[in-house]
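The values are calculated or read from the model by the stated rules, or taken from the named source; none is laboratory data. Fair warning: this is a prediction, and the values are worked out from it, not measured in the lab. Cβ atoms come from the backbone with ideal geometry, glycine included; neighbour counts cover every protein chain shown.
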């Protein structure tokens, strides 16, 4: 069944997502097996009319987990798939500004909502009032996240190894990505974060494409 896309996303976000999607080949991904297992699990929940809630988890909830949450959310919105994405860490620090800058370059609109050591940000991806995420660093069990009946998606090796069991999860899957932190403070900083964003966007879009929808274009 062919997926029908809406035009609700900001044009730049939609263009970034489509470029990442078109540039992705599942057979060339080092995470092919993991992606296919996760897709099969999500499709089974969809077929059985079960809620699809995903918490994207990395150690500090500062980089890859936020990228995963954003692109899963944007791709699901674009394809009109009933999936909710969240993020968390095994510890809380702060959302890394370079992460937000990469998403701004991809078309998102970022607004700082609070000050302090762990600021909150509003991250908008589309034109509807509800097309936004409130992002800040938090542990995956934070009250802002579902406490049960969710899928845990581990996107860094450290969190994957340090958190072999995620309380409340109905499924746990590992898709580790390289941490763009390696380029912090170097001339390659922006390129490293953009690459991480594109890679994660491409695979999150592929996952959403596996979930069928018959919703008409709006």
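Here are the numbers for the structure shown:
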{"quantity": "Matching entry among 171, 185 (being touching a residue at least 12 places away in the same chain (Cβ under 8 Å) and not in a helix (DSSP H, G or I))", "calculated": "171"}
{"quantity": "Subset of the stretch 73-99 (residues that are part of a helix (DSSP H, G or I), under 21 Å from residue 6 (Cα atoms) and touching a helix residue (DSSP H, G or I) at 6+ places or on another chain (Cβ under 8 Å))", "calculated": "74, 75, 76, 78, 79"}
{"quantity": "Among the candidates 159, 152, residue that is in a helix (DSSP H, G or I), buried (at least 17 other Cβ atoms within 10 Å of the Cβ) and touching a residue at least 12 places away in the same chain (Cβ under 8 Å)", "calculated": "159"}
{"quantity": "Single residue of 74, 82, 144, 92 found to be surrounded by 19 or more Cβ atoms within 10 Å (Cβ to Cβ), at negative phi and either within 17 Å of the chain's Cα centre (by Cα) or modelled with pLDDT of 95 or more (or both)", "calculated": "74"}
{"quantity": "Residue 102 vs. criteria in contact with a strand residue (DSSP E or B) (Cβ under 8 Å, 6 or more places away or on another chain), assigned to a helix (DSSP H, G or I) and either modelled with pLDDT of 95 or more or surrounded by 14 or more Cβ atoms within 10 Å (Cβ to Cβ) (or both)", "calculated": "no"}
{"quantity": "All positions within the stretch 105-123 that are surrounded by 19 or more Cβ atoms within 10 Å (Cβ to Cβ) and touching a strand residue (DSSP E or B) at 6+ places or on another chain (Cβ under 6 Å)", "calculated": "108, 121, 123"}
{"quantity": "Filter pass, residue 54 being surrounded by 15 or more Cβ atoms within 10 Å (Cβ to Cβ), at pLDDT 95 or above, touching a helix residue (DSSP H, G or I) at 6+ places or on another chain (Cβ under 9 Å) and assigned to a strand (DSSP E or B)", "calculated": "yes"}
{"quantity": "Residue list for the stretch 123-135, filter: under 15 Å from the mean Cα position of the chain (by Cα) and either on the phi > 0 side of the Ramachandran plot or not in a loop (DSSP other than H, G, I, E, B) (or both)", "calculated": "123, 124, 132, 133, 134, 135"}
{"quantity": "Check on residue 67, part of a helix (DSSP H, G or I), farther than 21 Å from residue 134 by Cα and either touching a residue at least 12 places away in the same chain (Cβ under 8 Å) or touching a helix residue (DSSP H, G or I) at 6+ places or on another chain (Cβ under 6 Å) (or both)", "calculated": "no"}
